[in-house]
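The values are calculated or read from the model by the stated rules, or taken from the named source; none is laboratory data. Being a predicted model, the structure only gives us computed values, none of them experimental. In this analysis, Cβ positions are derived from the backbone assuming ideal geometry, glycine residues included, and neighbour counts consider all displayed protein chains. Heavy atoms of the whole protein, side chains included, go into the accessibility calculation; ligands, DNA and RNA do not. Shrake-Rupley method; radii C 1.70, N 1.55, O 1.52, S 1.80 Å.
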Amino acid sequence: MVVDHRQHHVETLRSAISVLIYPIQYLVNLPVAVGQWMGESVSTRENLLEENERLRMQHLLFKAQLQKLAALQVENIRLRELLQSSRKVGENVLIAELLAVDLDPFSRQIVINKGSTDNVYLGQPVLDAEGIMGQIIHLGPFSSTAMLITDPNHAIPVHVNRNGLRAIAMGTGTPDVLEIPYMTNSADIVEGDLLTSSGLDGRFPRDYPVARVTQVAKNPTQPYATVVAEPVALLERSREVLLVWPSDKLAQPSTTTPMSDAATDSKPAAETTSTQISDTAAAKPGSETASTPPIPPADTLAPPQPESAAEANPAPEPNEGQ
Amino acid sequence: MALAKPQGGFVIFISFIVALILMIMPLPEWAEAARPQWLIMVVIYWCIALPDRIGVIIAWMTGLVLDVATGSLLGQNAMAFGIVAFLAIKLHLRIRLFPLWQQALSILILIALYQIITLWVKGFTGQSAQSWSYWLASLTSMLLWPFVFTLLRGVRRFYRVR
């Protein structure tokens with residue numbers, strides 16, 4: 001147990017047992033899958049036509065937006081070239097389906113039907129149509145387990161979309177509740193702010209929506225404000241998820257220490273921090289880093305630098321002292 | 001001692017598989033915490049009924065499989081299963097003689113112990129459950145024990161597992 005927790009040498013054993021379990025998981029998932037298939041095949045013609053019409057409209061809308069996006073992307077790349085920065089735009093995605101199996105009800109995890117045979121790697125970001133859902137923590141050949149961003153062991157670096165204020169969104173274990181700790185009372189964050197991933201962890205792709213701030217309680221007697229956010233991804237409802245290969249992972253998508261090759265190019269100041277993180281991550285093998293995404297160093301945080309760095313580190317890895 | 005030749009291992013295996021399926025079957029959100037601990041109940045039953053066949057090792061392996069199936073720390077359930085199986089074997093002569101309701105009470109204690117061990121490990125790894133509903137599983141397991149016991153006894157007699 002201790003070995004699993006600390007060193008993750010037994011990840012291979014877990015992956016071997018997961019192969020044995022996959023048929024059982026498949027069996028459990030079967031009634032749900034059959035039910036869905038039945039529902040689809042017996043739905044009326046009217047319903048289908050209606051849905052078709054709706055989807056066609058949506059498609060048209062998205063396509064129109066996409067045209068603009070393509071132009072913007074090219075422009076963005078050109079501007080970045082002018083700035084001598086080599087950030088790449090665009091990621092590869094793969095659609096995976098959730099297996100309808102229940103895990104430990106007190107941790108927030110999901111099982112998906114893609115594994116290492118599909119080049120899924122440990123620590124890989126998992127998204128749905130709305131935003132970031134979590135990351136892969138256990139990998140089997142045909143299935144893998146992902147930790148949701150609401151899991152109490154999970155933290156993700158974000159920034160406020162409106163003004164770029166950096167923060168960390170930590171899971172609480174309660175569905176649809178994220179906490180933003182170490183926000184000073186003077187920090188410019190208000191209800192309704194969209195938090196997007198900052199990409200400073202070198203793991204999650206940049207600028208994907210993560211959560212929307214639902215509550216900001218500023219208490220002058222406390223050093224920090226209480227900020228609560230709600231994930232924008234439909235964590236409890238999505239049936240299909242997207243697995244993302246960030247563009248700098250495309251060269252070797254099945255690597256098990258996924259961040260070692262990230263951020264090697266010359267990049268602006270913010271990127272160097274992610275290089276540091278990559279080094280620490282590469283030093284710890286396996287999924288030690290997967291279950292506890294690295295907290296960005298102090299300079300990536302909002303105003304309260306020294307305390308926040310000191311306190312932020314133990315939070316996602318409370319076990320290190322044992 | 002020709003009668004004592006073990007048989008029906010397949011039935012035991014199937015009972016474990018069925019219990020595992022019940023453990024990971026999707027339940028509505030409100031019922032999740034109250035999910036009866038099927039697998040440990042089945043393990044306890046076989047420990048009581050056939051203590052010379054099903055012991056700590058098999059219980060430990062079963063727990064390991066459950067660990068992988070539920071994505072918990074590898075060894076957490078395995079250790080708890082091992083300890084509970086050990087106690088069940090220690091007490092099997094006594095528990096066998098109890099009337100059903102009294103058996104259910106001892107099962108409550110055993111499964112509560114199992115939950116305490118898991119809670120303890122979870123506490124160490126910083127993911128302890130925050131609500132009292134965590135303990136509901138022990139109660140539902142206790143309430144279902146008479147059914148599980150009768151069913152498994154029927155199965156054991158029908159297939160002459162020994």
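Does B:Leu66 fit the bill of being within 14 Å of chain A (Cβ to nearest Cβ) and at pLDDT below 90? Spelling it out, it is not the case that B:Leu66 is within 14 Å of chain A (Cβ to nearest Cβ) and at pLDDT below 90.
Remark: pairs (first residue in region B:40-63, touching a residue at least 40 places away in the same chain (Cβ under 8 Å) and closer than 24 Å to B:Thr140 by Cα; second residue open to solvent by less than 20 Å² (accessible area, probe 1.4 Å) and polar (S, T, N, Q); Cβ separation under 6 Å; 6+ apart in sequence or on different chains) = B:Met41/B:Ser141; B:Val42/B:Ser15; B:Val43/B:Thr62. Spot the failing condition for A:Pro209; the list is (1) touching a residue at least 60 places away in the same chain (Cβ under 8 Å); (2) under 14 Å from the mean Cα position of the chain (by Cα); (3) over 30 Å from A:Ala16 (Cα atoms); (4) buried (at least 23 other Cβ atoms within 10 Å of the Cβ), and only one is missed. Exception for A:Pro209: condition (4). The single condition from (1) open to solvent by 10 Å² or more (accessible area, probe 1.4 Å); (2) not aliphatic (A, V, I, L, M); (3) not in a helix (DSSP H, G or I) that A:Thr117 fails is (3). Taken together, A:Pro205, A:Pro157, A:Pro175 contain a single residue that is part of a loop (DSSP other than H, G, I, E, B), of a type outside the set (Lys, Arg) and closer than 19 Å to A:Pro246 by Cβ, which is A:Pro205. Please indicate, with yes or no, whether at least one residue in region B:48-67 is in contact with a strand residue (DSSP E or B) (Cβ under 7 Å, 6 or more places away or on another chain), open to solvent by less than 60 Å² (accessible area, probe 1.4 Å) and not in a helix (DSSP H, G or I). Taking every residue of region B:48-67 in turn, none turns out to be in contact with a strand residue (DSSP E or B) (Cβ under 7 Å, 6 or more places away or on another chain), open to solvent by less than 60 Å² (accessible area, probe 1.4 Å) and not in a helix (DSSP H, G or I). Suppose we keep only residues that are of a type in the set (D, E, K, R) and within 20 Å of A:Ala129 (Cβ to Cβ) within region A:62-83. Which one would you say is modelled with the lowest pLDDT? Ranking the qualifying residues of region A:62-83, first place goes to A:Lys68. Residues in region B:1-40 that are of a type in the set (S, T, N, Q) and open to solvent by less than 20 Å² (accessible area, probe 1.4 Å): B:Ser15 alone. Applying the condition of being part of a loop (DSSP other than H, G, I, E, B) and of a type in the set (Ser, Thr, Tyr) to region A:137-154 and asking which residue is nearest to the other protein chains (Cβ to nearest Cβ) yields A:Ser143.
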